[in-house]
């Protein structure tokens, strides 16, 4: 993957993460409810965080193909 495309993907994903952690979406998960004994807000933040780490890893680890192949 060219470096320019990788930078574009990382920038787009950063904007998406900023949107996921803004007040309107956080307030949707901020309830008095619990799921399996864990507050929904904590689950939301944890799941978004884990998925973000996995996606960032996948973007960062993509390798360029050689032009001769």
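Being modelled with pLDDT of 95 or more and surrounded by 12 or more Cβ atoms within 10 Å (Cβ to Cβ) is a description that applies to residue 45.
Of the residues screened, residue 52 is not one that is on the phi > 0 side of the Ramachandran plot and touching a helix residue (DSSP H, G or I) at 6+ places or on another chain (Cβ under 9 Å).
The values are calculated or read from the model by the stated rules, or taken from the named source; none is laboratory data. All figures in this text were calculated on a predicted structure; none of them were measured in a lab. For neighbour counting, all protein chains shown are included, and Cβ atoms are generated from backbone atoms with ideal geometry for every residue, glycine included.
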